[in-house]
Amino acid sequence: MNAIARRALIASALTAAFAAALSAPAFAAGAAHRLVVQIDTADAATMGLALNNVENTAKELTANGGDVAIDIVAFGPGLNMLRADKSPAPIKDRIARLKESIFPATVQFSACGNTKKKMEKAEGHPISLVPQATLVSSGVVQIMKREETGWSYLRP
């Protein structure tokens, strides 16, 4: 590989890395504590337990000015937690409260794009997510990437 091709390859790699850094959620940058939570069941009790864990963890770690980032990743049947039409009302209300008033910069709700596409195909119509959800391409890959960069993992 000649010098010009090598420089072009390096420039391309740096540009991609910079773009990836810019697209990463702002809450994750520099957080001292990072937790990724897996939701893969449509069970409302498990969803509620996960939200309890998230709220208690965020309260504990931010009580003395600590930084925390929490990503709740829903895939498979767990996507129902973030579906506008299927999420139980008490769960939807807690998601809104956590994201909008209690811990807006701390908590992210990631919805699996693969699951969403599969559900849309099976049901024959588009699926709407709760407004607090962030669509990611793959829930499992989201968790994997989080763990590879040092995030702690929880499956309630």
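The values are calculated or read from the model by the stated rules, or taken from the named source; none is laboratory data. Quick caveat, the model's predicted, so the values are computed rather than measured. Please note: Cβ atoms are built from the backbone with ideal geometry, for glycine as well, and neighbour counts cover all protein chains shown.
The residues of the range 107-156 that are hydroxyl-bearing (S, T, Y) and either closer than 21 Å to H33 by Cα or touching a Gly at 6+ places or on another chain (Cβ under 9 Å) (or both), listed by number, are S110, T115, T134, S137, S138, T149, S152, Y153.
Out of all the residues in the range 87-97, which are part of a loop (DSSP other than H, G, I, E, B) and crowded, with 18+ Cβ neighbours inside 10 Å? Of everything in the range 87-97, just one residue is part of a loop (DSSP other than H, G, I, E, B) and crowded, with 18+ Cβ neighbours inside 10 Å, namely S87.
Scanning the range 58-86 for residues that are part of a strand (DSSP E or B) and closer than 16 Å to G113 by Cβ yields a count of 5.
For T41, the conditions (1) surrounded by 10 or more Cβ atoms within 10 Å (Cβ to Cβ); (2) within 20 Å of R146 (Cβ to Cβ); (3) at pLDDT below 50 all hold with the exception of (3). The single condition among (1) farther than 23 Å from S138 by Cα; (2) at pLDDT 95 or above; (3) not basic (K, R) that N80 does not satisfy is (1).
Scanning the range 98-144 for residues that are outside any loop (DSSP other than H, G, I, E, B) and small (G, A, S), we see that the one that is surrounded by the most Cβ atoms within 10 Å (Cβ to Cβ) is A111. None of S101, S110 is of a type in the set (S, T, N, Q) and under 14 Å from the mean Cα position of the chain (by Cα) except S110.
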